[in-house]
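Input: a single structure, listed below in structure tokens.
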Amino acid sequence: MEDGTRKSGDLWSGIALAALGVYIIVQAWQWEYSSPEGPGPGFFPLWYGIGMLALAALLVVSHLRGAAVYGKPADWKRIARALSAWLALAVSVALFKILGFVASFALLTYFIVAVMYRRPVRTAAISAFATAAGFYLVFDWALGIALPSGMLGF
């Protein structure tokens, strides 16, 4: 085994995730898969374990085929973009109680379109309004499922 393979985080994390996936599948197999009312308690964990095992296998195979590029310095600009998207999502979730889902999701969409994708303000505003309206129409209006509302009432 060459030195790069032994030190690879992709290889070892893939193996660990595969082991966890197998464990989840074995445990879920012992539970009822379906019931007369619908999916049983073993339905979701079984498919979750299968998905985890498949993705872990892809991670290990991609490492062994040499798909990953090692030795390059980190691209901090790209890392900062990814972390800012996560931060924007976290702020959006934190604003649910204050502004409600529709308004906080509209702000998240606006931030992603205007700041991250550097599109015009008008395009960002239209996108934010359309996605928020779409969520409201599908959940509140069509399905009758109330989305979290804030102090503004929506």
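The values are calculated or read from the model by the stated rules, or taken from the named source; none is laboratory data. Being a predicted model, the structure only gives us computed values, none of them experimental. Here Cβ is always computed from backbone atoms with ideal geometry, including for glycine, and neighbour counts include all displayed protein chains. Note: areas computed on protein heavy atoms with side chains; ligands, DNA, RNA excluded. Shrake-Rupley method; radii C 1.70, N 1.55, O 1.52, S 1.80 Å.
What the table shows:
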read-out	value
Of all residues making up the range 95-136, the number that are in contact (Cβ under 8 Å) with a residue 40 or more places away in the chain and either buried (at least 18 other Cβ atoms within 10 Å of the Cβ) or among the aromatic types (Phe, Trp, Tyr) (or both)	7
Any pair with Cβ under 9 angstrom, 6 or more apart, that starts in the range 137-153 at a residue that is part of a helix (DSSP H, G or I) and ends at one that is open to solvent by 60 Å² or more (accessible area, probe 1.4 Å)	VAL138/ILE145; PHE139/ILE145; PHE139/ALA146; ASP140/ALA146; ASP140/PHE154
Of all residues making up the range 5-35, the number that are in a helix (DSSP H, G or I) and under 15 Å from VAL60 (Cβ atoms)	16
Residues of the range 7-35 that turn out to be surrounded by 12 or more Cβ atoms within 10 Å (Cβ to Cβ) and hydroxyl-bearing (Ser, Thr, Tyr), as a count	4
Residue count for the range 115-133, restricted to those that are under 20 Å from LEU87 (Cβ atoms), part of a helix (DSSP H, G or I) and not small (Gly, Ala, Ser)	3
From ALA82, ALA56, residue being under 29 Å from GLY21 (Cβ atoms), in contact (Cβ under 8 Å) with a residue 24 or more places away in the chain, in a helix (DSSP H, G or I) and of a type outside the set (Ser, Thr, Tyr)	ALA56
Members of the range 36-46 found to be over 14 Å from VAL26 (Cβ atoms) and either open to solvent by 80 Å² or more (accessible area, probe 1.4 Å) or assigned to a helix (DSSP H, G or I) (or both), listed by number	PRO36, GLU37, PRO39, PRO41, PHE43, PHE44
